[in-house]
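Visitor: Just passing along the structure, written as C-alpha cells.
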Amino acid sequence: MVRAGGLARYIAIRALMVVPTVLILYTMVFLILRVIPGDPITAIVGTKSLPPEQLEALREAAGLNKPYIVQYFEYLWNVLHGDFGESLVIRGRPIAADLIDRFPATLELSISSFIVSVLIGLVTGTLAASRRGGKVDASMRIYSVVAYTLFIPWFGMMLQILFGVQLKVLPISGRLDPGLTIERITGLYLIDSLITGNIEGFKNALAHLVLPTITLGTVLSGAYTRLLRNNLIDVLSQDFIRAYHARGVRGYKVMLHAIKNAFIPVVTLMGLQFAILLGGAILTETTFSWPGMGTYLLDRIEYRDYTAIQGTVIFFALLVGLISLVVDIVYALLDPRIRY
Amino acid sequence: MVRLEIVKKIYEPLIGIFGVRVGRGMLITGMLIVLAVVIMAVFAPLIAPYNPTISAGKPFQPPTKEHLFGTNRLGQDMFSRIVYGSRIILLVVISATLISMSVGIPLGLISGYVGGKLDRAFSMVMDSIYAFPSLVLAIAIAAMLGPNITNTALAISIVYIPTYFRMIRGQTLSLKEQLFVEAARALGARDREIMFRYILPNLAPTIVVVFSLSVADAILTEAGLSFLGLSVVPPTPDWGYDLRVGQPFLLNGYWWLVFFPGLMVMLLAMGFAFIGEGLGERFALGGER
C-alpha cells in the first residue's frame, strides 16, 4: 500500500531498528574487552613493574576502576556524544581525533574498490547471462568462486611484484609520495586535490590508489558476478524484454534495459558485502601500508593501547549500523514498492 | 526478508543448465586439493626434507633442487615450512569450525523450532554479529586473548557461530511445518526427539555444504590473523605468518618467500569452496556464507 508519508515512515522505522543492532554490537565489544581474562592494564605494562599508584592512575584513565555497569553506560553515553576516550599511550590524545584522521583513507579505498567490484561484476555477469549455459558462463562461475578465495595479502603482493618491482610503473605503498601534500578538506585525496586544483597531487594519489583498489575490488567482485548473472537471466525471461525484441529494438539496447532492471538488488548486496569490505580493507591496508582505520587498529594493538582498540572497534560497529540504514533507504528510494 | 531472497539468488543452484558438469568438476578438483593438503599434514615428517624451525642452509636462496621453494631470512627451508604449516592451519580451522558447529547448530535448531520471543531474541543477536565484519571481530578477540593457536581457534569459532545458526534456523522453520514432523508428534514424540531425531538428520546436507564454505572462509581468516601478527609466534611454521615476514623482502626480488605460502592459503580455501559449491548443487540447495 502506497500512501503519503510512506517513505518517511519507512525511514523512521528502519532508523529505530538500527538501534538494537548497534546496542548488541556495543555490548558484545564491551564484553569481549572486559570479560576476557587478563587485566588490560597489566597487559599494557607488560613485564615492567610499576608502583601500585601508577597502575591505579592508568586504570582510572582507562575508566576501568569503576563497576562494570557504570563503565558500560558511561562509555555508551560518551560514544553517543562523539567522545571515544583518550589514548593510554599518547596521553591526552583524543581517540575521536585519530579516527577522524584515519577514516577518510579507508573510505576512499572502500568506495573505489566498491566501484571496481561492481564494474567487474557487471561485465562478467552480463557475459555469463548472455552466453548462458556455455563455456563463458561456466568460466564466470568458476571465476566467482576463485575471486572470493583470493587471499588478499598474497594477491596484493603479486601485484606489487609485477607492477611495482618488475615493471616499476605503480607505487606499492602509502597514499602519496613523500614530499607531496594535499590540503585537507574532506580527507579524500582525490576530491581534495581536485578542489584545490592540485593536479600533480591528484595524479600521484590516483597512482597510489590503483593497486589496493584492484586487490580489494577483485576479491569482492565474485558475488556481483553471480547476482547480476542470475538477476539478468530472470529479467531477460520477462514479457517486456520480449516486447522490446518484437518491436525490433537492437540486442544491445535490450540488454541495457535488462541490466537497469537487474541492478536494484545490487544495492542490498552492497550492504551485505560491507562487512566483508571492511575486513578486506584491513588486510589491504596492511599489505599496502595504507594509513587507514585498519592499520590504525593494528598499530594500537601493537602498543596495547586499550582505549584506542575499544574506540576503533566501537566505531566499526557504528559504521555497520549506519551503512545498513543507508542501504535500506537507498533501496526504498529505488524501489517504490518497499514501504511499511 | 528481501535480503535472504537475494542471498539465495546468488547461490542458487544451477542444476539443469550446464551446472551438473561444472559442479562435478569443482567437487572433484576441490576434493583432490583438500586430500593433497591433508596427506601433506599427516605425513609431514616424511615429506619435509628439513626441520622447518632450524636453518637448513644459506639464507635467501632462490628455489633449487635442494630447496624446492628456496630458503628464508634464517636459512629455513621454505618447502618444509609449508609442509608443516598445513598442520597448523588445518588444526586451527577444523577445531574452530567444530566449536562453531556445536554451538550454532543446536541454537539454530531450538530457536527455529521453538519460535516466539526466544527466536526473535536469538535471531537479533546472531544477525547483529553476522553483520559485523568477522575479521575485525576476530582481531579484537585475538588481540585481547594474546597470540597463540588455541586463542586463534577460539576467536575464529566465535566468529562463525552465526553462520551456522542462521542457516540451521532457516531450514528448521520450513522443516517443522512438514508432514513427517506432524506424524512424529501424533505418535507422541517429544519436542526434543522431534528436533534431534527427526529434523536434525534432514539438515545433514545443509550442514555439510555450510561446513565446506565456512571452512574456506575460516582458512582466509586464520591466514589473515597470522598475516597481521595476531596468531602464531615464531618459529612456528604458518602460511600467513611466513607471508608477513616475507613481505619486507619483496623489493629485493625474493618472490619465493611470499609466493608459495600465499598460494597455499588460496588453494586450500579454494578447495573447500569448490567442495561446498559442488555439493550445494548436488543437494540442490543454496549455500550461504
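Visitor: Restricting the first residue to the range B:208-228 and requiring it to be buried (at least 24 other Cβ atoms within 10 Å of the Cβ), which pairs with a second residue that is hydrophobic (A, V, I, L, M, F, W, C) and not in a helix (DSSP H, G or I) meet a Cβ separation below 7 Å and a spacing of at least six or different chains?
Guide: Listed pairs, sorted by first residue: B:209/B:283; B:209/B:285; B:220/A:151; B:223/A:151; B:226/B:232.
Visitor: On to the next question. Taking the range B:240-249, which residues are under 13 Å from residue B:72 (Cβ atoms) and either of a type outside the set (Asp, Glu) or more than 13 Å from chain A (Cβ to nearest Cβ) (or both)?
Guide: Selection gives B:241, B:243, B:244, B:245, B:246, B:247, B:248, B:249.
Visitor: Any residue in the range A:290-298 that is on the phi > 0 side of the Ramachandran plot and crowded, with 17+ Cβ neighbours inside 10 Å?
Guide: For the range A:290-298, residues on the phi > 0 side of the Ramachandran plot and crowded, with 17+ Cβ neighbours inside 10 Å: absent.
Visitor: A follow-up question, please. Residue A:238: of a type in the set (S, T, N, Q) and modelled with pLDDT under 85, yes or no?
Guide: no
Visitor: Looking at A:196, A:124, A:186, A:106, can you tell me which residue is farther than 25 Å from residue A:278 by Cβ and not hydrophobic (A, V, I, L, M, F, W, C)?
Guide: Checking each option against the conditions leaves just A:196.
Visitor: Which condition breaks for residue B:191 when tested against (1) more than 22 Å from the chain's Cα centre (by Cα); (2) free of Cβ contacts under 8 Å to residues at least 60 places away in the same chain; (3) loosely packed, with under 15 Cβ neighbours inside 10 Å?
Guide: Against the list (1) more than 22 Å from the chain's Cα centre (by Cα); (2) free of Cβ contacts under 8 Å to residues at least 60 places away in the same chain; (3) loosely packed, with under 15 Cβ neighbours inside 10 Å, residue B:191 comes up short only on (2).
Visitor: Can you pull out the residues in the range A:174-224 that are open to solvent by less than 70 Å² (accessible area, probe 1.4 Å), touching a residue at least 12 places away in the same chain (Cβ under 8 Å) and assigned to a loop (DSSP other than H, G, I, E, B)?
Guide: Residues satisfying the conditions are A:174, A:175, A:176, A:177, A:180, A:182, A:186, A:187, A:188, A:196, A:198.
Visitor: Something else about it: Residues being open to solvent by 10 Å² or more (accessible area, probe 1.4 Å) and either within 10 Å of chain B (Cβ to nearest Cβ) or modelled with pLDDT of 90 or more (or both): count how many of those fall in the range A:321-335.
Guide: Final tally of qualifying residues: 5.
Visitor: Which of the residues belonging to the range A:9-29 are closer than 19 Å to residue B:137 by Cβ, touching a residue at least 60 places away in the same chain (Cβ under 8 Å) and not aliphatic (A, V, I, L, M)?
Guide: The answer is A:21, A:26.
Visitor: Looking only at the range A:299-340, count every residue that is in contact with a Leu (Cβ under 6 Å, 6 or more places away or on another chain) and free of Cβ contacts under 8 Å to residues at least 60 places away in the same chain and tell me the total.
Guide: 0
Visitor: Could I ask something else about it? Tell me, yes or no, whether the range B:156-167 has at least one residue that is touching a Ser or Thr at 6+ places or on another chain (Cβ under 8 Å), touching a residue at least 60 places away in the same chain (Cβ under 8 Å) and part of a loop (DSSP other than H, G, I, E, B).
Guide: Scanning the range B:156-167, I find no residue that is touching a Ser or Thr at 6+ places or on another chain (Cβ under 8 Å), touching a residue at least 60 places away in the same chain (Cβ under 8 Å) and part of a loop (DSSP other than H, G, I, E, B), so the answer is no.
Visitor: Shifting gears a bit: For residues in the range A:107-137 being more than 20 Å from residue A:262 (Cα to Cα) and either more than 11 Å from chain B (Cβ to nearest Cβ) or in a helix (DSSP H, G or I) (or both), which is most open to solvent (accessible area, probe 1.4 Å)?
Guide: A:135
Visitor: Also, I was wondering about something else. Could you please let me know if residue B:212 is assigned to a helix (DSSP H, G or I), more than 30 Å from residue A:293 (Cα to Cα) and within 14 Å of chain A (Cβ to nearest Cβ)?
Guide: Yes; evaluated as a whole, the condition is true for this residue.
Visitor: Just one of (1) under 19 Å from residue B:263 (Cα atoms); (2) open to solvent by less than 40 Å² (accessible area, probe 1.4 Å) trips up residue A:163, so point out which.
Guide: (2)
Visitor: Which count do you get for residues in the range A:76-106 that are open to solvent by 60 Å² or more (accessible area, probe 1.4 Å), part of a helix (DSSP H, G or I) and within 27 Å of residue A:287 (Cα to Cα)?
Guide: Here the count works out to 2.
Visitor: Could you run through the range A:145-159 and say how many residues are closer than 15 Å to residue A:276 by Cα, surrounded by fewer than 24 Cβ atoms within 10 Å (Cβ to Cβ) and more than 7 Å from chain B (Cβ to nearest Cβ)?
Guide: Total satisfying the criteria: 1.
Visitor: From the set of residues in the range A:278-317 that are part of a helix (DSSP H, G or I) and among the aromatic types (Phe, Trp, Tyr), which is nearest to the chain's Cα centre (by Cα)?
Guide: Among residues in the range A:278-317 that are part of a helix (DSSP H, G or I) and among the aromatic types (Phe, Trp, Tyr), the one nearest to the chain's Cα centre (by Cα) is A:316.
Visitor: Could I ask something else about it? Within 14 Å of chain A (Cβ to nearest Cβ) and farther than 26 Å from residue B:218 by Cα, is that true of residue B:197?
Guide: No; evaluated as a whole, the condition is false for this residue.
Visitor: Scan the range A:267-288 for residues that are crowded, with 24+ Cβ neighbours inside 10 Å and more than 9 Å from every other protein chain (Cβ to nearest Cβ) and jot them down.
Guide: A:284, A:285, A:288
The values are calculated or read from the model by the stated rules, or taken from the named source; none is laboratory data. These figures come from a predicted structure and were not determined experimentally. Glycine also receives a Cβ, built like all others from the backbone with ideal geometry; neighbour counts cover every protein chain displayed. The area values use the complete protein model at the heavy-atom level, side chains included, leaving out ligands, DNA and RNA. Shrake-Rupley method; radii C 1.70, N 1.55, O 1.52, S 1.80 Å.
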